Amino acid sequence: METIALISIFLIIIILANVAADIFPKVPWVLWQILGGIGLASVPFFPTYNQDFDPSFFMMLVAAPLLFYEGQKTPFKSFTRNFSAILNLSGVYGIVTIIFVMLAGNRILDWPLPILLILAAIVTPTDATALISTTYNLKLPNGVKKALSLESLFNDATGLVALELGLIWLQTGNFSFRNAIVTFLISAIGGALVGFIGGQMIIAFRRLLVSRRLNERLSQVLIQIGTPVVIYLLAEELHVSGIIAVVIAGLLNNYEQNTLQLTSPKVESTVNTVWTLVSDFLNAVVFIFLGFEMTRIAIRFTEDHIGIANLWSALIAAIAIYIVMFILRMLLISRTDSRNILRLLARDKDRKLDAQVFAFGGVHGSVAIAMAFSLPYLINGKAFEYRDRITLIVALVVIVSLLVPMFGLKRFVPEIEPDFTIEEMTTARNKMLKVGLKSLRSQELNPRTREVAIKRLRRQVEDDNAEDSNRRIWREYATKIYKVRNEAVQSAIKKGELSPEATELYTRISQITEPFMNQHLIKKILFILKFKIKAITAKKLFESQNSETMGLIQRNLLRTQKRVEYLDKRWAEYSSNPDGTISLSAEKEIDSRKWLALFKEINKVSESAVDDYLKAQVKDKKIDLSLAQSLRGLVIRDSNEWRSATTSDKQINLALLTALEHETTWLANQRDEKLIGEKLGQELYEDLSASRHLIKATIDGFEE
């Protein structure tokens, strides 16, 4: 139960972090996740995790899947073509970094050399995913961008082998440089062989499933998710590098996807989607754990003077270590004479800029954190007293490496210019929508199915326009539009322009929505809570045996019953036929027509007022046309959402699927004739593809 509660809390933090990153896009999402972990650790009553937990599970269940996925995303040809450059960046440069960090740590911390080797090994690996979170809007030079990606793929293995050597040195008290080199080579080569052989065996098994026509999505997803865990366990049992093994297995999977194509496009799409979700979740868990553990350690350190001194020394050490690695990375690129690395950077014209970007790009993330969390609690049967201090320094190095490029890189590289403008996107979507609407109108559909399908297809453009517009302004005008609608209907009621039935319907709706819409977010939450409390209170009162309370409830129930009888009478007068008999389906149809007529009567007044208001806002240049369209769509959706329940969802989805196919054909023609840019066309195609897959899945659900 505690594990389920912890996972639920983590999911909530991830959601809140994503929302915060969406509202404040200049702050990387990983920093919001770290802040979520800090907030969680600051809760006094929140328990710490059980220290009986085996730290090696963190590497197996978090680091291994993440690195497998990174390998799977890396083109196999790029790996083979740049193999020598990878050895230099991940192997040679990684070892040099470890040596210099040890020297710097020796001057600052005065720790034993095995502890310094452990610390240096953990802070050496870089993280391409964390780098993307800080540089997603910056135009990095292509060569150095590729170098950073390839470096992060294998320097994790360098750090892990060095970490293992440091732990052996600490436990035995002996260190042999020759044995270290031999151990490194055996671990790296052995890990590569295990990853290659194990990966080939799994691919052969998948090929067998395909040949027997057992290419089922669930099986393929489970095989993919389980592959890194199995490969990692096998490699570790053979005492070779599990990290190199899972990366090699990931590269083989990339080769299989692009060359062998064992699975169907539908299965491959599902697998890729699942992997993206798993990767995002695991990365988020790592950074939340980082903020959580860093805060808990800091709180423990502040309990005495020695702890406070350790806290300050950890901060100074983290900054110093990052500066050493920053300078070293800059010198390694600016002074390199390696042909392989120079060939990798050949497309970039400015070597100095490459060196600066490469230095800023040394962002540390998931693997470094996972390595810190994998440290044992006991060494030779005694508590590992340096564990907390190492974890804290690693956490601070990770945070510094995220903050520095976030502010520093903007001085050297420009921001990415959009491949297309919002206006171009809106224009293309509107043209595409016309094609879809033409398809719907040409299909043989009953009027209600066509009407609902058209509303849903329009939503495709309206929602996207709303998403592209400034959200704060959109929310502000959405509230204003509600007030315009309300004032228009109230005016019509006073003038007697609405029937008594329509007036009664609108009054009942506004009694619920008006108090809610006019409040700020906090007040809305309190408004909801008030009704929840009332519901709970009513339940408690009902369960009570107090006669006075029961009398009050009975009076309320009697009043409600009379109201229901009155409405039923009115309903019967409206819906009964001359013979006094009516079937259930016919009654539902008449009821639906009654509500449709009442809503149309209200909408005729309110939508006219909204149209006039939006036209005036556009004319005064207070909002643009795309925002006005999305706001107009808001009114349409609010007014007609209920209609979808009166027609067959399957018929609607089939009609929509046909319309989307016509839109896809139109888009392909536009791209072939160069009437739409490549990037814009790709964006629109991905939207259409996602919509088609969703509708197909819905139709399959109906058929099941």
query = If you take the residues of the range 374-393 that are over 14 Å from Ile297 (Cβ atoms) and in a loop (DSSP other than H, G, I, E, B), which of them is most open to solvent (accessible area, probe 1.4 Å)?
reply = Asn380
inquiry  = Residue pairs, Cβ under 7 Å, 6 or more apart or interchain, first in the range 314-325 and free of Cβ contacts under 8 Å to residues at least 12 places away in the same chain and among the acidic types (Asp, Glu), second open to solvent by less than 40 Å² (accessible area, probe 1.4 Å) and assigned to a helix (DSSP H, G or I). List them.
reply    = none
ask   = Can you find a residue in the range 394-401 that is farther than 29 Å from Gly677 by Cβ, assigned to a loop (DSSP other than H, G, I, E, B) and out of contact with any strand residue (DSSP E or B) (no Cβ under 9 Å at 6 or more places or on another chain)?
value = no
request  = Within the range 147-164, track down each residue that is more than 30 Å from Lys77 (Cα to Cα) and surrounded by 22 or more Cβ atoms within 10 Å (Cβ to Cβ).
outcome  = Leu163
The listed residue being touching an Asp or Glu at 6+ places or on another chain (Cβ under 7 Å), among the aliphatic types (A, V, I, L, M) and at pLDDT below 85, out of Leu138, Leu209 = Leu138
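Taking the range 337-358 as the region of interest, how many residues are open to solvent by less than 50 Å² (accessible area, probe 1.4 Å) and free of Cβ contacts under 8 Å to residues at least 60 places away in the same chain?
Filtering the range 337-358 for residues open to solvent by less than 50 Å² (accessible area, probe 1.4 Å) gives 338, 340-341, 344-345, 348, 353-358.
Pick out the ones that are also free of Cβ contacts under 8 Å to residues at least 60 places away in the same chain and you get 355-356.
Result for the range 337-358: 2.
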request  = Go through Lys438, Lys431, Lys455, Lys410 for me and flag whichever is out of contact with any strand residue (DSSP E or B) (no Cβ under 6 Å at 6 or more places or on another chain), farther than 25 Å from Gln629 by Cβ, among the basic types (Lys, Arg) and surrounded by 12 or more Cβ atoms within 10 Å (Cβ to Cβ).
outcome  = Lys410
key: Sole exception among (1) surrounded by fewer than 21 Cβ atoms within 10 Å (Cβ to Cβ); (2) modelled with pLDDT of 90 or more; (3) under 21 Å from Val144 (Cα atoms) for Phe100, by number   = (3)
message = For the range 596-617, give me the residue count where each residue is surrounded by 15 or more Cβ atoms within 10 Å (Cβ to Cβ), at pLDDT 75 or above and either over 40 Å from the mean Cα position of the chain (by Cα) or of a type in the set (A, V, I, L, M) (or both).
response = 6
request  = Could you grab me the full set of residues in the range 166-204 that are surrounded by 11 or more Cβ atoms within 10 Å (Cβ to Cβ), part of a helix (DSSP H, G or I) and among the hydroxyl-bearing types (Ser, Thr, Tyr)?
outcome  = Thr183, Ser187
key: Criterion violated by Leu140 - all others in (1) open to solvent by 10 Å² or more (accessible area, probe 1.4 Å); (2) assigned to a helix (DSSP H, G or I) satisfied   = (2)
inquiry  = Given the criterion among the β-branched types (Val, Ile, Thr), within 30 Å of the chain's Cα centre (by Cα) and at pLDDT 70 or above, identify the matching residue among Thr658, Thr664.
reply    = Thr664
key: Leading residue by the ranking (surrounded by the fewest Cβ atoms within 10 Å (Cβ to Cβ)) among those in the range 4-21 that are closer than 21 Å to Gly365 by Cα and not aliphatic (A, V, I, L, M)   = Asn18
request  = Could you tell me whether Gly94 is of a type in the set (Gly, Ala, Ser), more than 21 Å from Leu345 (Cβ to Cβ) and crowded, with 22+ Cβ neighbours inside 10 Å?
outcome  = no
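The values are calculated or read from the model by the stated rules, or taken from the named source; none is laboratory data. Note that this is a predicted model, so its numbers are computed, not measured. Glycine also receives a Cβ, built like all others from the backbone with ideal geometry; neighbour counts cover every protein chain displayed. Only protein heavy atoms, including side chains, enter the accessible area calculation; ligands, DNA and RNA are left aside. Shrake-Rupley method; radii C 1.70, N 1.55, O 1.52, S 1.80 Å.
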